[in-house]
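**Q** This structure is in structure tokens; I'll ask about it shortly.
The values are calculated or read from the model by the stated rules, or taken from the named source; none is laboratory data. Quick caveat, the model's predicted, so the values are computed rather than measured. We place every Cβ from the backbone using ideal geometry, glycine too, and count neighbours over all the protein chains shown.
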Amino acid sequence: MQRRHLLATAAIAPLGLLATPARAASTEILVHYPMPGFFKSVMDTISTEYMRLNPDVKINFATPSPTYEDGLQLMLRQSGSAEMPDLSFIGLNRLRVLAERNIGTDLTPFIKAEPGFANEGFSDRLLNLARFGGKQMGLAFATSNPIFYYNADLVRKAGGDPENMPKSWDEVFKLAARIQALGDGVIGMSYRWQGDDWMFSALLFGHGGTMLTPDEKKVAFNGPEGLASLKLLDRMVKEGKMPALTGDAAQQAFTAGKVGMAFWTTGALRQTINGVGTKFELRTTAMPVIDAAKGRLPTGGNAAVMFTTDAKRQQEVFKFLKFAAGPYGASVVVPGTGYVPNNDLAPKDDRYLGKFYQENPLFRAGLNQMGLMIPWYSFPGNNGVKVTQTMVDNLALLVEQKVSPEDCLKTMAAEVQKLLPR
């Protein structure tokens, strides 16, 4: 689909633009981004199109960072130095760190200078994903929510119906146990709890819970919603037969056809499609419902953040930033990764994604859940990365069946509380 889109773009481009002779660029923009496995192809495509439309600009890329956390740490180290890129793509849950340290350019004046900004698909709902402390820290570039991947072939073998997959976790665990019973090294289910707090927050938010109290001084996930979330994770191991694999190992097992059901970001969809190939019939659907009234899902992904402080360069950087986060960028990001549209115009306009979802049903699960998305929680203070790692370390003990859900919650809450600002 992505190749057809690019060919179509070339076909409708004005001949004058296609025939424009190459000339030296008067402006060079240095761009940094994380997770090249997800974003390299996307970034190459967007930058190539932008340079075609703007021959006076050359986009250069700094070495990508493997994760959002690594990208944030790099920006903190390089802040104010000559190595600092003009812009970077920062994890939505790490924007607060930059805002609190006054690193990054507030985009509010640039947005206000463009009266038709909202008409380009930049709704206030989407702008709010990258607002902190009264500042517009960036523009959402790639946004995601957790979805339900499944191997339709294994589901059928286990007596399930790929057309009517489980709508509750109770049903998931029953089907997972039947898939596991097929033998031959088959795993019933995997849930991507590793790496950060995002998939734990999917369970917590699904129960209607919150990470901290409204004043952000105390842990709030240690209430009934948090305990119910950890009990669900415990049941995934006990009843769903989920092994304690690393995230990468679980993903590899799924694409190899050895896992019946997997729960992870829609942002990994293109990577999963490519990994599966023709080995089995891959399908996706919505996450199981926890609380139909209060339940929500976390918004994963990143935002484009401007770092240059040079007034003239800022104008050029903002133009590229808006292009990347706009409807054209969304029309590349969604097919190229699986992320949901970060721009309201893109899915409504046939020039971008209007027909894409009709032709690509695997991508609809994430789109259909957009109404449940709330911001990925960003912890206050300087210990956000440590908080995340503390939570992951405690979740690992639970998945490895070394602690009970109750003890896991008690320890995790106490350790996180110590890391919050006093």
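**Q** Tell me, please, whether a residue that is in contact with a strand residue (DSSP E or B) (Cβ under 7 Å, 6 or more places away or on another chain), in a helix (DSSP H, G or I) and of a type outside the set (A, V, I, L, M, F, W, C) can be found in the stretch 53-66.
**A** no
**Q** Here is a follow-up. Out of S47, S88, which single residue is part of a strand (DSSP E or B) and buried (at least 20 other Cβ atoms within 10 Å of the Cβ)?
**A** S88
**Q** Also: Take K294 and decide whether it is in the same structural domain as E400 (by TED's automatic domain parsing), assigned to a loop (DSSP other than H, G, I, E, B) and over 28 Å from I179 (Cα atoms).
**A** Yes; evaluated as a whole, the condition is true for this residue.
**Q** Moving to a separate point now. Collect the residues in the stretch 337-356 that are in a helix (DSSP H, G or I) and over 19 Å from the mean Cα position of the chain (by Cα), keeping them in residue-number order.
**A** Passing the criteria: K348, F356.
**Q** For Y357, indicate whether it is among the hydroxyl-bearing types (S, T, Y), modelled with pLDDT under 95 and more than 18 Å from T210 (Cα to Cα).
**A** yes
**Q** Continuing with this model, one more query. Would you check if Q271 is touching a strand residue (DSSP E or B) at 6+ places or on another chain (Cβ under 9 Å) and assigned to a helix (DSSP H, G or I)?
**A** no
**Q** Is it the case that E120 is in contact (Cβ under 8 Å) with a residue 12 or more places away in the chain, surrounded by fewer than 20 Cβ atoms within 10 Å (Cβ to Cβ) and over 26 Å from the mean Cα position of the chain (by Cα)?
**A** Considered against the rule, which asks whether it is in contact (Cβ under 8 Å) with a residue 12 or more places away in the chain, surrounded by fewer than 20 Cβ atoms within 10 Å (Cβ to Cβ) and over 26 Å from the mean Cα position of the chain (by Cα), E120 comes out as no.
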